[in-house]
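Before any comments, here is the structure.
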Amino acid sequence: MRGLRFLLLVAVAGFCFAATAPKAAAQVAVSVGVEPICPYGYYDVAPYACAPSGYYGPEWFTGGVFVGAGPWFHGSDNFRGHVNNRFHPEHGYKGPMPKAGEKAVESKRVDAAHFKGNEERDGRGHVTGGKK
């Protein structure tokens, strides 16, 4: 009987402590840093490495300037653009990759007539289903 009374006292004390505990306010902040400066754009997934020429189609560039991708996308909400995902490391690409800050080489820029896109995406990196 004494053990039951002790157990009941511990349970009541635990309930009182739980009821009076201050609520912790969670603060969530997501920071991805500064937008990479890459000559032909950067991949839309972390670690946001520079993408080689030929990965993004011409609709991703306005006046030769990349419209961004992923967290730094600054195009229209209904944007759709083609990529050639064979130039993505997740699809086996192991070719040359430009470094952040490098200058674009005009002879490497891909125009609409020579671009070979195989996937359509929105600016946030989501595949939209359109094929080129």
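Only the coordinates and a few stated rules stand behind these numbers; no lab work does. Quantities reported herein were computed from a predicted structural model and do not represent experimental measurements. Here Cβ is always computed from backbone atoms with ideal geometry, including for glycine, and neighbour counts include all displayed protein chains.
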**Message:** Can you find a residue that is in a loop (DSSP other than H, G, I, E, B), under 22 Å from Thr128 (Cα atoms), under 17 Å from the mean Cα position of the chain (by Cα) and not charged (D, E, K, R) anywhere in segment 91-112?
**Reply:** no
**Prompt:** Does segment 34-70 hold any residues that are part of a strand (DSSP E or B) and either in contact with a Pro (Cβ under 6 Å, 6 or more places away or on another chain) or closer than 15 Å to Lys116 by Cβ (or both), and which are they?
**Reply:** Pro39, Tyr42, Cys50, Tyr56
**Prompt:** Phe115 versus (1) closer than 17 Å to Tyr48 by Cα; (2) in a loop (DSSP other than H, G, I, E, B); (3) in contact (Cβ under 8 Å) with a residue 12 or more places away in the chain: which is the lone unmet condition?
**Reply:** (1)
**Message:** I'd like the full set of residues that are more than 11 Å from Gly41 (Cα to Cα), among the small types (Gly, Ala, Ser) and either in contact (Cβ under 8 Å) with a residue 40 or more places away in the chain or in contact with a His (Cβ under 6 Å, 6 or more places away or on another chain) (or both), limited to segment 77-100.
**Reply:** Gly81, Gly95
